[in-house]
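The values are calculated or read from the model by the stated rules, or taken from the named source; none is laboratory data. Being a predicted model, the structure only gives us computed values, none of them experimental. Using ideal geometry, Cβ is built from the backbone for each residue, glycine included, and neighbour counts are taken over all protein chains shown. Accessible surface areas use protein heavy atoms only, side chains included; no ligands, DNA or RNA. Shrake-Rupley method; radii C 1.70, N 1.55, O 1.52, S 1.80 Å.
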Amino acid sequence: IGSGKSTVAGMLAEMGAAVIDADAISRSLTAPGGRAMAAIREQFGEALVGPDGAMDRQAMRQRVFSDPQARQQLEAIIHPLVGQITQEQADAAVQAGARCLVHDVPLLVESGHRWRARVDRVLVVDCDTDTQRQRVVSRSGLSAEEIDRIIAQQASRLQRLACADLVIFNQGLTLDALRQHVQEAGRRFG
């Protein structure tokens, strides 16, 4: 969270990569009419569904942070659907002639070896925790406590860096400087 991975994915898309965004897929699943909403409603009840029919993200965030079983239940609903849609999008991109697929996967390390087997290389966009917090506060308005809970649930920097084939250290960079690093990475990835 807050590393700049979506910005980097967008820059790779500008270079011609087909980007498959696991976060966007997950959000669509929990939006009004989303494919996961019936199962979420059945598993968690109406209390975690907003008036618009979407999952109440704030209420669900509080629930899964306080109840590890609830997190496992939510992941059991969401993850298989994300995997299915990701594969559908990848297949469609390949059929359309995409030469490079970029999977923007926020929880790649946390999901174990499942993702690693599906990709050729792992690019980690890295920054320190203070920078993460500042970026998330400025874009989302979450409290410091909420951000720290999210960061604590994610793989550590060392764990992410250990799985990387290439790292972009996205701290103190202008967008132009970041773009130069992304272009270099893009050339290496083809």
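When the C-alpha atoms of the chain are aligned to their principal axes, what extent does each axis show, in angstrom, from largest down?
Principal axes ranked by extent give 48, 41, 29 Å for the Cα atoms.
Stick to Cα atoms and the Kirkwood definition of Rh, then tell me Rg/Rh for region 1-106.
1.03
Ignoring everything except DSSP H segments at least 4 long, calculate the 222 nm mean residue ellipticity for the chain; use -39,500 (n - 2.57) per segment, divide by total residues, nearest 500.
Helix contribution divided over all residues of the chain: -17500 deg cm²/dmol.
For region 73-131, take N as its residue count and report Rg(C-alpha) divided by 2.2 N^0.38 Å.
1.31
Of all DSSP beta bridges in the chain, what percent run antiparallel (nearest 5)?
10 percent
Taking just the alpha carbons, could you work out the radius of gyration and Dmax for region 98-142, both in angstroms?
Cα radius of gyration and Dmax of region 98-142 are 13.8, 38 Å respectively.
Please label the shape of region 77-190 as rounded, prolate or oblate, based on the square roots a ≥ b ≥ c of the eigenvalues of the alpha-carbon gyration tensor (a/c under 1.5 means rounded; beyond that, a/b larger than b/c means prolate, else oblate).
oblate
Residues with amide H under 5 Å of Ile20's amide H, sequence separation 5 or more or different chain, H placed in the peptide plane at 1.01 Å from N; which?
Under 5 Å from the amide H of Ile20: Val102, His103, Asp104.
Can you list, bin by bin at 10 Å, the percent of alpha carbon pairs in region 46-104, starting at 0?
20, 34, 25, 19, 3
Shape call for region 132-190 from the C-alpha gyration tensor, a ≥ b ≥ c root eigenvalues: rounded (a/c under 1.5), prolate (a/b greater than b/c) or oblate?
oblate
How long is the gain from Glu110 to Gln171 if the chain were fully straight, where each residue apart is worth 0.36 nm and the alpha carbon distance is subtracted?
19.7 nm
Under a point-charge model restricted to the Cβ atoms of Lys and Arg (+1) and Asp and Glu (-1), what is the dipole moment magnitude of the chain relative to its Cα centre, in debye to the nearest 20?
Charge dipole, the chain, about its Cα centre: 280 debye, nearest 20.
Using the Karplus curve 6.51 cos²θ - 1.76 cosθ + 1.60 with θ = phi - 60°, work out ³J(HN,Hα) for each residue of region 174-186 in order, rounded to whole Hz, and write x for Gly and Pro.
6, 4, 5, 5, 4, 4, 4, 5, 5, 5, 4, 4, x
Enter the accessible area of Asp91 (Å², nearest 10), with the probe set to 1.4 Å and all protein chains included.
Only protein atoms counted, so the area is about 80 Å².
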